[in-house]
């Protein structure tokens with residue numbers, strides 16, 4: 001009896017080992033619950049942005065990720081021509097300073113780079129946006145992904161909603177206002193709120209920045225007639241845009257700029273006034289053309305982030321009238 005029992009146990013062990021040897025032991029794990037923690041993910045046109053990777057819920061790493069499709073949620077049509085097609089943008093290859101005062105010198109500090117607006121990192125699935133996203137239409141998009149590891153593969157349909165929002169084309173960072181005598185010796189300060197400064201962006205216009213000064217009645221001062229000048233002893237916008245001559249019209253000062261550069265102005269310290277960092281731009285409305293009989297001095301700093309098209313910077317002096 002004892003021998004029979006021993007024989008049966010041995011046979012069972014051998015049978016179990018045989019079964020195990022015929023069945024490959026599975027390794028790794030891939031979850032059915034893989035997702036992006038930030039969903040929807042929002043990016044502004046032209047901004048470099050990177051999301052966190054996928055939440056993998058204990059899946060074995062490395063987790064390989066492949067983008068299968070990207071769609072415009074407005075019509076469910078393929079959007080790869082907007083998000084995946086490479087565009088040429090200009091990037092820095094050196095620090096631009098005021099000494100780079102010609103287009104040739106500036107060109108030596110910039111280079112063209114061909115980038116796709118959007119990609120998905122193949123390990124971990126980070127969503128990656130480049131400066132080329134400035135060309136992506138505003139809207140909402142969705143993506144499908146394939147994820148895989150040593151254990152298997154999963155398809156993530158509608159893995160993440162991506163909201164592309166409008167970029168800020170410009171920003172006014174500083175303004176100041178005062179009156180003075182003709183020699184700029186005696187000053188009377190006023191609240192900067194008396195200056196109503198508005199920037200209008202015209203994407204399809206020529207690459208230029210136009211400065212306009214209006215009085216409290218909406219009438220424009222005439223720079224071509226010498227009614228608006230750069231304030232003596234201070235920088236004006238020409239000091240930060242040395243690439244083209246200033247055009248004076250009967251309503252404005254016009255500055256062409258090199259379109260497609262990363263940002264404008266490209267440097268923060270001008271050659272003639274290195275102590276004035278980041279601007280500001282000082283302009284004076286000549287006293288004989290104001291009803292207060294004093295020089296009306298306006299100071300502002302404006303940065304431009306979309307560098308194609310026309311910007312019109314209108315400064316309305318709300319407490320002074322023009323005298324022709």
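Which condition does residue 36 not pass, out of (1) assigned by TED's automatic domain parsing to the domain that holds residue 147; (2) in contact with a strand residue (DSSP E or B) (Cβ under 9 Å, 6 or more places away or on another chain); (3) crowded, with 16+ Cβ neighbours inside 10 Å, if it passes all the others?
Failed condition: (1).
Every residue in the range 112-138 that is farther than 30 Å from residue 60 by Cβ and in contact with a strand residue (DSSP E or B) (Cβ under 6 Å, 6 or more places away or on another chain), please.
If the condition is that a residue be farther than 30 Å from residue 60 by Cβ and in contact with a strand residue (DSSP E or B) (Cβ under 6 Å, 6 or more places away or on another chain), then 112, 113, 114, 130, 131, 132, 135, 136, 138 are the ones that fit.
For the range 174-188, how many residues meet the condition of being out of contact with any strand residue (DSSP E or B) (no Cβ under 8 Å at 6 or more places or on another chain) and under 14 Å from residue 299 (Cα atoms)?
Our first condition is that a residue be out of contact with any strand residue (DSSP E or B) (no Cβ under 8 Å at 6 or more places or on another chain); within the range 174-188, this holds for 183, 185.
The next check asks that each one be under 14 Å from residue 299 (Cα atoms); those that pass are none.
Count: 0.
Residue 113 versus (1) farther than 30 Å from residue 300 by Cα; (2) at pLDDT 95 or above; (3) surrounded by 13 or more Cβ atoms within 10 Å (Cβ to Cβ): which is the lone unmet condition?
Unmet condition: (2).
Residue 232: more than 33 Å from the chain's Cα centre (by Cα), closer than 28 Å to residue 266 by Cα and modelled with pLDDT of 95 or more, yes or no? Can you show your working first?
Values: more than 33 Å from the chain's Cα centre (by Cα): yes; closer than 28 Å to residue 266 by Cα: yes; modelled with pLDDT of 95 or more: yes.
Criteria met by residue 232.
Mind listing whichever residues of the range 280-305 are touching a helix residue (DSSP H, G or I) at 6+ places or on another chain (Cβ under 7 Å) and either surrounded by 16 or more Cβ atoms within 10 Å (Cβ to Cβ) or in the same structural domain as residue 131 (by TED's automatic domain parsing) (or both)?
As a first pass, look at the range 280-305 and keep what is touching a helix residue (DSSP H, G or I) at 6+ places or on another chain (Cβ under 7 Å): 281, 293-295.
Matches in the range 280-305: 281, 294, 295.
Do we have residue 247 as farther than 25 Å from residue 167 by Cβ and out of contact with any helix residue (DSSP H, G or I) (no Cβ under 7 Å at 6 or more places or on another chain) here? Before you say what the answer is, go through the steps one by one.
Details: farther than 25 Å from residue 167 by Cβ: yes; out of contact with any helix residue (DSSP H, G or I) (no Cβ under 7 Å at 6 or more places or on another chain): yes.
Yes, satisfied.
With a cut-off of at least 2 residues that are within 20 Å of residue 100 (Cα to Cα), name the strands (runs of 3 or more DSSP E) lying wholly within the range 187-295. Walk me through it before giving the result.
Numbers: elements: 187-190, 195-202, 208-214, 228-230, 253-256, 281-285.
Passing ranges, in order: 208-214, 253-256.
Taking the range 62-94 only, how many residues are surrounded by fewer than 12 Cβ atoms within 10 Å (Cβ to Cβ) and modelled with pLDDT of 95 or more?
So the count comes out to 5.
The values are calculated or read from the model by the stated rules, or taken from the named source; none is laboratory data. Everything quoted here is computed from the prediction, not taken from an experiment. We place every Cβ from the backbone using ideal geometry, glycine too, and count neighbours over all the protein chains shown.
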